[in-house]
1. Mind pulling the per residue volume of the convex hull built on the Cα atoms of the range 500-664? Å³ is fine.
2. Percent relative contact order of the chain, based on C-alpha pairs within less than 8 angstrom and at least six residues apart?
3. Which whole-number percent is the relative contact order of the range 500-664 (Cα, under 8 Å, 6+ apart)?
4. Give the angle, between 0 and 90 degrees and rounded to the nearest 10, that separates the Cα long axis of helix 508-523 from the longest principal axis of the Cα atoms of the chain.
5. Whole percent per 10 Å bin, from 0 to the bin with the longest distance: what is P(r) over all C-alpha pairs of the chain?
6. Rounded to the nearest 5, what is the percent of antiparallel bridges among the DSSP beta bridges in the chain?
7. To the nearest 10 degrees, how steep is helix 337-352 against the longest Cα principal axis of the chain, on a 0 to 90 scale?
8. Going by average Cβ neighbours within 10 Å, how do the peptides 102-108, 464-470, 569-575, 413-419 rank, with the highest at the top?
Amino acid sequence: MLDKPLSTIFRLTDKHKKALARLSILTARDLLYYFPVRYGDYSKLSYIKDVSKGETPILYAEVTKIQAKKAWKTKMTMTEATLQEASGDTIRAVWYSQPYISKMLPVGTQARFVGTINERGGSLYLANPEFDLVAEIPVEKSGDLFADDKQELMLYPVYRETRGLTSKWIYHKVKKLIADGYLNELDETLPKDLLQKYNLPSVTSAIVYMHAPKKVSDADAARKRFAFEEVFMIQLVKQEQKALYEQSGAFMVNPDKALLKKFTDSLGFELTGGQKEAVDHILKDIGSDIPMSRLLEGDVGSGKTVVAALAAYATATTKPKGQSFGKLQVGYMAPTEILAKQIFTDFVELLGQHGITVGLITGKDCFKYPSKTSDGPTKISKAQLKKWVANGEVQVLVGTHALISKGVFFENLGLVIIDEQHRFGKKQRAALRAKPQEKKRQEQKKTKIEKKGLSDNSEILPHLLSMTATPIPRTLALTIYGDLDLTVLDEMPPGRKKVETTLVEPSIEAREAAYEKIRLELQSGRQLYVICPRIFEADPKKQKSLLVKSAVAEAERLSKEVFPEYQIGVLHSKLKKDEKVSVMQDFADHKIDILVSTTVVEVGVNVPNATNIIIEGSERYGLSQLHQLRGRVIRSTFQPYCYLFADVKSETTAQRLDALTTAKNGFELAEYDLQFRGTGEMLGNKQSGVSDLAMEAIKNIKLVEAARTEASTIIKKSLLSKHPALTRRFKRLKETMYLE
Ligand code: ADP
Ligand code: MG
């Protein structure tokens, strides 16, 4: 019954159907789970004399005049009414595109109106108010309407609306579903003891509390319940995954201490405290025969590559267990060709001098170092590379997702490293880790060995080191990466200059002053990034979007009007792959001074000489994203500069952007985003699949930890079978989570 399409329950117009589809509300269940975004309070009524622009008052009034007419230009129907309060005060109300209003509110109707106050030509009016007819309009007494009524609240839900669907419509339909007994069909997924332990309402109470709370604490309790439930369900899936990994075996990596010391000594710098700790965590993990699953989070430039290189070195110098010959191998996957090449170059430098053979595989070409024919890496054929990877000669293979393509087999894959892990799908990440199994299957096919004839040894998993520069708050990381252990690099290598960040207000003078400062930097040989929110010019009909700079147009403007003496390149996602690579290369080679780009340069690209960055429309980004963008310019010993061009109208925007000049690292900013900004703005939110409601909960570390602990207990003690409804939900969720 709950999964019946709404169109079979209610008579819906096409407009309703479309609107519901836009909100992904298709079934009765969907509607019951469409929660209000906030609550209004009818008992807090206002009087016309007190209202001001921007408010959403509740007014009781009588319609004394009403008239529908067609707007002159747009031909849109507009209904205008005069509303009169008991006090005699009046206000104008206006509805757009709702021609039937005048029939519903004939002169003399008394109603409660809720709408936003707008202003036009100096006079206030009520825009598109919602209304409920009332028998009588209250007279202002000394104080409030319900003063003799013990000040009871009269909460009403406010839902997010969409064209063709009002909050009121949604509320009425929800009420109808509840009245018709749909709630009786709901399964309680949470175990009873958890409801009791954490004082959470049952699912049926919670749904009622959500849509029709008697008091604010009801609604809060309901939100807490659903948030807990969501985080708990995610944790169940993650904890099961973790338990599965841990059942497999892994190669123990026990590197020679003296060799490791030689490696770190050759770096030419001391590891930071954070790096040392990360290395300790990793060496301890990979030294065991339980496969490591660790996430290394660290700001851009915090030195993750060195940590990864050390782990790779430790692995590549270790013999597989029980074997006196051969070495373990490492697979390192990066999301783009540019990044893979960069890492390859870094690894050749870091590992090559210690006699490690490094290979590179991308969709385009393959390289190997050392080479018999030159001092640097040589280009080789894909077939040749595959052969050397399969026989173990290439010890560390760096690549794009070409690395996981069929037919790339390792002899003894001991460790996989995934850089910018959030840029890969789950399937791609899993595929890299499953390489040893893929090889076994291939061998089985060749020799036609029956599956059951395989030894247990086939369940060897490589250790996994995942890395990300996306600063997300700890609670969110614990939730969405619940199957991984977490190490955070929250310290930058010493001597790194702090990015001098300036908030540039939207005036021509301020802009020019910033350009002049940048010109001095360009003159002394530095380079500049300019980040724009969009690629092409906006549709001129859409006024608002015109204010947003496009990379293509901005590049032209800069080269004509601002920096005609410099070479300017454009980079954006609509360019062909080769074009992107060549623009990036030109920038790296300093054939281009200024690179105007959309946010595709967000991650990983390393051009040390680019020490200036302009971010246009910076009020549109989350703080952690801005922080990541400015991380592009801290790759050298020169003083880096960041200019935030922003349309800072509101005090809060200015304050928020100000945090960028004071915060110590990206994690602090991510926490700031989480606490003070709509969670939708946070990095990692979209891909995490966590609802806004659960994101609210993620502000609360205690709740997240409780959900994680409870889920882990259920998995470890195999208690799922005791909770059939929970198991059903769990299975469904697992399917959808793995489809992604
Ligand atoms: P990311 O975390 O963004 O991958 P990288 O590993 O690329 O950062 O490091 C950025 C730069 O900092 C590199 O040039 C690297 O050689 C240097 N670096 C890393 N660790 C240290 C350190 N402990 N001291 C000084 N420089 C370091
Ligand atoms: Mg890196």
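Quick note: the coordinates plus some simple rules give every number you see, no bench work behind them. From a predicted model like this one, the values you see are computed outputs, not experimental measurements. For neighbour counting, all protein chains shown are included, and Cβ atoms are generated from backbone atoms with ideal geometry for every residue, glycine included.
1. 115
2. Averaging sequence separation for qualifying contacts and normalising by length gives 12 percent for the chain.
3. Reported as a whole number, the value is 30 percent.
4. 0
5. Spelled out per bin, shortest first, that is 2, 11, 18, 20, 19, 15, 8, 4, 2, 0.
6. The antiparallel proportion sits near 45 percent.
7. For 337-352 against the chain, the angle is about 40 degrees.
8. Final packing ranking: 413-419, 464-470, 569-575, 102-108.
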